[in-house]
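Below: one structure, written as structure tokens.
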Amino acid sequence: MGTSSAFGGASGQKPLIPSWLTDDGFGAAPQATPPVQPAVPTNGAPTALPAAPAERTPVVPSGDSERYSAARNSFTRFAGSGGSDSRSLGRALSHYVARSMGGSSQAAIRMGNARASTANLASFLSDARVNGAQAALRTLNLERLAGRPIEEIFIGLSDYICPEGGSIDEGISRDAFMETIADLTAAGISNIDGLTPDQIQTVLELYITHAIEARLCNDIGIKAVTFPSDITAAERVQAQLRDFIRRGVSDAVTAVGVNVLSFSREQVMNFVTGVYQSAFDILLQLGEQEAQQ
């Protein structure tokens, strides 16, 4: 499951919200140099967003050392069943949001790096639809990619969408973006110059789904979960987890129901925050419902 295979799971003593995340959550680790400010568009069209750095905040107290246990135990039962024990999947997700993450609001804050990347992605896609891909790429000095296959364009955008770094959170954001690129063909998205609003929504849903999945798997610890030895069963477990998360994310994006094409920078940030929090809310509800089936 993406980056999850490289991490043994979060320690319960680790702060629930890392100290380098600001209150609005849109930041990577503090940087020594100030960020480059976005160019002011001359035609009033959206301009691609640079990721916003965060300022240091006071150290957050350690979390409950057992807060991941219930989610890990339930997910282990689900994985051990080869995907047939959907009740355990529901319990795993509801425990994860409610106890491990401390609720949907805290969960959304924990996605700080991924949220910044989601905002960057939403802004670029909006700019490409309004002004054309070539103009959108030119603002990032990537006009050489104009006319290339969409997968190649997205790979070229990776350092802008989710700058590479050494932290787990940066790795999650980048892994989610690579997974999203791999899904474009299956989603029927092949022409960046002809993106429809529905296709933009699909790309954002894919990215948010992969980001939440990677965050969950890193937190509960892929090495702490026993997966089926049968590769077909293991693939079924992963597919069911991803489908469950995608359902929550899709419902969340639809519920927010706004058009990113008309957004200012601040509105894009607010939209992304609302989607992540709503997605975790819905995952909690879906998980509780599934656990009672």
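Coordinate-derived values only; no laboratory data. A quick note: this is a predicted structure, and the numbers were derived from the prediction, not measured. Positions of Cβ are backbone-derived with ideal geometry, glycine not excepted, and every protein chain shown enters the neighbour counts.
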Odd one out for Ser74 among (1) within 23 Å of the chain's Cα centre (by Cα); (2) over 18 Å from Phe244 (Cα atoms); (3) of a type in the set (S, T, N, Q): (2)
Residues being over 17 Å from Ile181 (Cβ atoms) and more than 20 Å from the chain's Cα centre (by Cα) - total across the stretch 137-168: 7
Check on Gly165, at positive phi and surrounded by fewer than 16 Cβ atoms within 10 Å (Cβ to Cβ): no
Some residue of the stretch 109-123 being farther than 19 Å from Arg215 by Cβ and in a helix (DSSP H, G or I): yes
Among residues of the stretch 169-218, those that are assigned to a helix (DSSP H, G or I) and surrounded by fewer than 19 Cβ atoms within 10 Å (Cβ to Cβ), counted: 8
Candidate set: the stretch 82-102, residues that are assigned to a loop (DSSP other than H, G, I, E, B), in contact (Cβ under 8 Å) with a residue 60 or more places away in the chain and among the small types (Gly, Ala, Ser); chosen: the one nearest to Leu283 (Cα to Cα): Gly102
